Amino acid sequence: MQKKVSLLFLGVILTSLLACEGNFREVQKSVFSEFNPSGDADSIAIKYTDSGRIKSILESPKMLDYATVKYPFTEFPKGVRVTLYDEKGTPTYVTAKYGVSFKETDLIDLRGNVKITNTAGQVFETEQLYFDQKNEWFFTEKRYKFSDPKGVSYGEGVDFSKDLKIINSQRVSGELDKTE
């Protein structure tokens with residue numbers, strides 16, 4: 001008798017698990033269908049202006065816009081190149097293999113061979129970098145390399161202005177020419 005009850009109990013549990021798996025697959029389908037991009041563009045070049053002056057130019061071979069999800073974002077899965085201009089029109093160039101821009105927070109997450117260069121000969125390199133669009137400020141906790149005509153430094157954790165004029169390093173090593 002006890003063996004029959006155990007088999008019956010095992011049968012009920014198996015039936016419940018199989019029914020749950022079917023429901024789980026339906027839930028998965030509904031969740032994944034929400035993450036279809038509402039916009040899809042190839043070879044884009046977007047100019048951002050303020051008072052008739054170009055502030056930045058964003059270029060990417062692929063853009064996916066997820067404007068209809070709960071937390072909207074725009075993804076650049078094939079890389080991104082951004083040219084930022086200061087008040088005098090001097091450019092700073094930013095490149096990355098991947099980028100995502102979060103609309104509600106105005107944060108941009110750049111990943112994969114992130115590189116920033118400017119006309120002063122400065123080069124900043126890391127694997128991941130965030131850009132706060134509201135404050136025009138970059139930051140990372142990752143390891144980085146900063147090259148300047150005065151020397152090269154390495155570190156882990158840094159934040160800086162978009163024109164590389166203000167730099168706050170956390171852990172840094174390297175050599176810089178102190179003459180000047």
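Quick notes on this structure:
- Some residue of region 68-79 being closer than 14 Å to Phe138 by Cα and either of a type in the set (Asp, Glu) or in a strand (DSSP E or B) (or both): no
- So Lys134, is it of a type in the set (Lys, Arg), at pLDDT below 95, over 15 Å from Arg81 (Cα atoms) and part of a strand (DSSP E or B): no
- Condition check for Asp65: touching a Gly at 6+ places or on another chain (Cβ under 8 Å) and not hydroxyl-bearing (Ser, Thr, Tyr): yes
- Residue check for Asn113: within 30 Å of Val172 (Cβ to Cβ) and within 13 Å of the chain's Cα centre (by Cα): yes
- Residue that is nearest to Gly52 (Cα to Cα) [pool: residues in region 84-111 that are without any contact (Cβ under 8 Å) to a residue 24 or more places away in the chain and touching a strand residue (DSSP E or B) at 6+ places or on another chain (Cβ under 6 Å)]: Thr95
- Criterion: closer than 23 Å to Asp86 by Cβ, part of a strand (DSSP E or B), open to solvent by 30 Å² or more (accessible area, probe 1.4 Å) and among the aliphatic types (A, V, I, L, M) - qualifying residue of Ile108, Ile116: Ile108
- Comparison of Gly151, Gly99 shows that the only residue that is closer than 27 Å to Tyr71 by Cα and open to solvent by less than 30 Å² (accessible area, probe 1.4 Å) is Gly99.
- Residue check for Ala67: hydrophobic (A, V, I, L, M, F, W, C), open to solvent by 40 Å² or more (accessible area, probe 1.4 Å) and within 24 Å of Ser147 (Cβ to Cβ): no
- Total residues in region 97-126, condition over 26 Å from Asp40 (Cα atoms) and of a type outside the set (Val, Ile, Thr): 6
- Residue in region 55-62 that is surrounded by 14 or more Cβ atoms within 10 Å (Cβ to Cβ), of a type in the set (Gly, Ala, Ser) and not in a loop (DSSP other than H, G, I, E, B) present: yes
- If you go through region 116-139 and keep only what is in contact (Cβ under 8 Å) with a residue 24 or more places away in the chain and under 16 Å from the mean Cα position of the chain (by Cα), you end up with Ile116, Leu129, Phe131, Asp132, Gln133, Lys134, Glu136, Trp137, Phe138.
The values are calculated or read from the model by the stated rules, or taken from the named source; none is laboratory data. None of these values were measured; they are calculated from a predicted model. With ideal geometry, Cβ positions are generated from the backbone for all residues, glycine too; neighbour counts draw on all protein chains shown. Heavy atoms of the whole protein, side chains included, go into the accessibility calculation; ligands, DNA and RNA do not. Shrake-Rupley method; radii C 1.70, N 1.55, O 1.52, S 1.80 Å.
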